[in-house]
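J.: I'd like to ask you about the structure that follows.
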Amino acid sequence: MEEFKLVIGGELIDGAGTIDVINPATGQAFARCARSDAALLNRAVAAAKSALPAWSALDIEKRSAKLIELADTMDAEAADFARLLTMEQGKPLEQAAGEIAATTYTIRTFAEMRLPIETLKDDQTGTVKELRTPLGVVAAITPWNFPVLLLINKLAPALLAGNTLVVKPAATTPLTTLRLAKLCARIMPAGVVNTVIDNNDLGSILTEHADIAKIAFTGSTETGKRVMASAAKSIKRVTLELGGNDAAIILDDVDPKVAARKLYDGAMMNAGQICVAIKRAYVPAAIYDEVCAELALVADAAVVGNGLNQGSEIGPIQNARQYTKVNEFIADARTNGEIIAGGQNTDGPGYFIRPTIIKNIADDARIVCEEQFGPVLPVLKYDDIADVLARVNASEYGLSGTVWGKDRAHACDVAAKIEVGTVWVNQHLAMDATVPFRGAKQSGLGTELGMEGLKEYTQARIISSVSLN
C-alpha cells in the first residue's frame, strides 16, 4: 500500500501522527496519511525559506524546464493520479482524468510565460524600467473540490516566478497533494515545495507566520475573511478565490430543451461542487414551465454512483459535513419551493444526493441566497431583463455567471451588466490558463491564471535613472 508522508526539505517525513482519509463513496477510511503539528509546520516554512535564495537565483529558463518535467511526469502517471483523486474526492473517473489533464496543461502554459524587464520610459530625460522579483515563501491553501488543479493554479506561477512553497491541502483530500509534492521533491531542489497536513487546526499558524510572504487561498468566503485578517497583521500579499452564487440567465430566444441541458450540465458537474457552478437559474416566464419539466427529465435520468464505477455521472458529496449542509438546503427548499426532481439521498453507504431541481422558489430562500455547493439547482421566473439583472446583482457574491441566447450580441450586452469577475456567453466553465480569472464583491481578491496571475507572485520594482552630469 502506498505510503503518504509529509514532504519537507526534499525528504519524506512520517509526521507527528496520522489522519484517516475517507472515500466519500463508501463513507469509510481507505488510506492514512502523515499529519503535521506546529513544529513540523515551522520546519516546512524554514525549509522553503532556506531553499529560496538558490531557487530564485536560478535562471527562469531552468525553472521552466523543471515545471515541464513535472508535467511530463504527471502525464506518465495520469491514470494513477486520476484513480487516487476519485477515491479521495469522489468525482467520476472520467472527470478526475479531466482534472489531471487540465493540471498538466496549466503547468505547461505557465512554463511558457516569461517576466521580461519592461521599459516604461526611455527618452532624453531619463529611463524608467519595471522588473519583477519573487515575493519569497508562498503559502498555498487549497480546497477539496479540485485539489490538484487548484493547487497547480498557485504552484506553477509561484515556482516560475522564483518563489518557494508551503502547501496545505484540505484535510479531507490530502493524498493527491502529497503525491504531487513527492514528485516535486524528486524533480525540484530540496525545500522548494513542502507540505503541511492538518485537521483544520494549523491554518492560522501558517497564515500568520512571519516568514510567509504571500498567501494564495481558494475556499469559502468566510474562511477567506479570516485569512485576510491574518495577512493584515504583517501586510502579506494575498490572492483569494472565494465562494460564488453564480447565476445563469436564459434569454427568451433559447429552445427550452437546449436551455435545460445547458443549465443541468453547468449546475451538476462534480456534483455541483464547483465554485463557478450554476447555482441559480433565471428563465423567462413564457418558457419557464417547459424548461423546468425538461430539467426534471434530465435530472431523473442521471446515473448517481461511485466514481470508480463505469457509467457513473454524479459522484458523492465530498465529505460528511458538506453532505449534511446540502441536505439542510434541500429540507428548507422543500418547505419554501417545489422539488420536481431529486430531493433525496440514494440507498446504501456514501454521501450521495440525487440531482435536485427546485421551481417556484422565492428570491430570499436559502437555496437562492447562499452557495449550496451541491447537486441542487433552484429555477426562478422573470419577466424582463431589467428585473432579472437587478435580482442577479443583489448578491454579495460576484464570481461568475452565464448568459444563454441565440442573439449573441444581445446576450453579450446582458452579460456586461452582470456584476461578477467573469461572464460566459453560450458556454460554461470555459477556463483557460492563459485567461485571467478573478472575483468581484465578496468572491475574491487578486487574480489567478494568465500573465496577471503570474505577476501576483512577484514584487514589481521600478528602476528610474538619469545621467549624472
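The values are calculated or read from the model by the stated rules, or taken from the named source; none is laboratory data. Note that the coordinates shown come from a computational prediction; the quantities given were computed from them, not determined experimentally. No Cβ is skipped: glycine too gets one built from the backbone with ideal geometry, and neighbour counts run over all protein chains shown. Remember, those area values only see protein heavy atoms, side chains included, never the ligands or the DNA or RNA. Shrake-Rupley method; radii C 1.70, N 1.55, O 1.52, S 1.80 Å.
J.: Taking only pairs six or more apart or across chains, which ones have beta-carbon atoms under 9 Å, a first residue in segment 25-44 that is within 30 Å of Pro92 (Cβ to Cβ) and free of Cβ contacts under 8 Å to residues at least 12 places away in the same chain, and a second residue that is buried (at least 16 other Cβ atoms within 10 Å of the Cβ) and of a type in the set (A, V, I, L, M, F, W, C)?
T.: Listed pairs, sorted by first residue: Ala29/Val21; Ala29/Ile22.
J.: Here is a further query. Across segment 59-101, what is the number of residues that are under 26 Å from Ala271 (Cβ atoms), among the aliphatic types (A, V, I, L, M) and touching a residue at least 60 places away in the same chain (Cβ under 8 Å)?
T.: So the count comes out to 6.
J.: Of the residues Gly453, Gly439, Gly444, which is touching an Asp or Glu at 6+ places or on another chain (Cβ under 6 Å), at pLDDT 95 or above and closer than 20 Å to Thr239 by Cα?
T.: Result: Gly444 is the single residue among Gly453, Gly439, Gly444 that is touching an Asp or Glu at 6+ places or on another chain (Cβ under 6 Å), at pLDDT 95 or above and closer than 20 Å to Thr239 by Cα.
J.: Please indicate, with yes or no, whether at least one residue in segment 372-379 is surrounded by fewer than 18 Cβ atoms within 10 Å (Cβ to Cβ) and either charged (D, E, K, R) or under 22 Å from the mean Cα position of the chain (by Cα) (or both).
T.: no
J.: Let me ask something additional. Pick from Arg108, Arg114, Arg43: which is at pLDDT 95 or above, outside any helix (DSSP H, G or I) and open to solvent by 30 Å² or more (accessible area, probe 1.4 Å)?
T.: Arg114
J.: Tally the residues that are free of Cβ contacts under 8 Å to residues at least 60 places away in the same chain and either of a type in the set (D, E, K, R) or crowded, with 24+ Cβ neighbours inside 10 Å (or both), restricting the search to segment 187-203.
T.: 1
J.: Could I ask something else about it? Can you give me the number of residues within segment 334-384 that are closer than 23 Å to Ile249 by Cα, in contact (Cβ under 8 Å) with a residue 40 or more places away in the chain and assigned to a loop (DSSP other than H, G, I, E, B)?
T.: The number of residues fulfilling the criteria is 10.
J.: Taking segment 17-40 only, how many residues are in contact with a strand residue (DSSP E or B) (Cβ under 9 Å, 6 or more places away or on another chain) and surrounded by fewer than 16 Cβ atoms within 10 Å (Cβ to Cβ)? Give the derivation first.
T.: Taking segment 17-40 first, the residues in contact with a strand residue (DSSP E or B) (Cβ under 9 Å, 6 or more places away or on another chain) are 17-23, 28-37, 40.
Restricting the remaining residues to those that are surrounded by fewer than 16 Cβ atoms within 10 Å (Cβ to Cβ) gives 17-18, 20, 28-30, 32.
Count: 7.
J.: Looking at Asp211, Asp289, which one is at pLDDT 95 or above, acidic (Asp, Glu) and not in a helix (DSSP H, G or I)?
T.: Selected residue: Asp211, the only one of Asp211, Asp289 that is at pLDDT 95 or above, acidic (Asp, Glu) and not in a helix (DSSP H, G or I).
J.: Let me ask another. Conditions: (1) of a type in the set (S, T, N, Q); (2) in a loop (DSSP other than H, G, I, E, B); (3) under 23 Å from Ser400 (Cβ atoms). Ser234 meets all but one. Number of the miss?
T.: Condition not satisfied by Ser234: (3).
J.: Inspect segment 412-424 for any residue being within 18 Å of Arg280 (Cβ to Cβ), assigned to a loop (DSSP other than H, G, I, E, B), over 14 Å from the mean Cα position of the chain (by Cα) and among the charged types (D, E, K, R) and give the result as yes or no. First the steps, then the outcome.
T.: From segment 412-424, those within 18 Å of Arg280 (Cβ to Cβ) are 414-415, 417-424; that's our starting set.
Next, only the ones that are assigned to a loop (DSSP other than H, G, I, E, B) stay: 417-421.
From the residues that got through so far, the ones that are over 14 Å from the mean Cα position of the chain (by Cα) too are 417-421.
The next check asks that each one be among the charged types (D, E, K, R); those that pass are 417, 419.
Yes, segment 412-424 contains at least one residue that is within 18 Å of Arg280 (Cβ to Cβ), assigned to a loop (DSSP other than H, G, I, E, B), over 14 Å from the mean Cα position of the chain (by Cα) and among the charged types (D, E, K, R).
J.: Something else about it: Go through segment 251-279 and count every residue that is charged (D, E, K, R), open to solvent by 10 Å² or more (accessible area, probe 1.4 Å) and closer than 14 Å to Val376 by Cα.
T.: Residues meeting the conditions: 1.
J.: Any residue at all in segment 173-184 that is more than 21 Å from the chain's Cα centre (by Cα), farther than 27 Å from Ile235 by Cβ, of a type in the set (D, E, K, R) and in a strand (DSSP E or B)?
T.: no
Residue by residue, here is whether (1) in contact (Cβ under 8 Å) with a residue 40 or more places away in the chain; (2) open to solvent by 10 Å² or more (accessible area, probe 1.4 Å); (3) among the small types (Gly, Ala, Ser) holds:
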site	(1), (2), (3)
Val148	yes, no, no
Ile152	yes, no, no
Ala158	yes, no, yes
Ala161	yes, no, yes
Thr164	yes, no, no
Val167	no, no, no
Thr173	yes, no, no
Leu180	yes, no, no
Leu183	yes, no, no
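J.: Find the residue count for segment 204-239, including only residues that are surrounded by fewer than 18 Cβ atoms within 10 Å (Cβ to Cβ) and closer than 27 Å to Phe373 by Cα.
T.: Adding up the residues that qualify gives 7.
J.: Turning to a different aspect of this structure: Please specify each residue of segment 351-365 satisfying the condition of being in contact with a strand residue (DSSP E or B) (Cβ under 9 Å, 6 or more places away or on another chain) and surrounded by fewer than 21 Cβ atoms within 10 Å (Cβ to Cβ).
T.: Arg354, Asn360, Ala362, Asp363, Ala365
J.: Output the residue which, of all residues in segment 422-446 that are touching a Phe, Trp or Tyr at 6+ places or on another chain (Cβ under 7 Å) and under 30 Å from Cys369 (Cβ atoms), is least open to solvent (accessible area, probe 1.4 Å). Let's see the steps before the verdict.
T.: Pass one, segment 422-446, residues touching a Phe, Trp or Tyr at 6+ places or on another chain (Cβ under 7 Å): 422, 426, 430-431, 433, 441-443.
Restricting the remaining residues to those that are under 30 Å from Cys369 (Cβ atoms) gives 422, 426, 430-431, 441-443.
On the way: Thr422: 25, Asn426: 65, Ala430: 44, Met431: 83, Lys441: 88, Gln442: 69, Ser443: 0 Å².
Top of the filtered list is Ser443.
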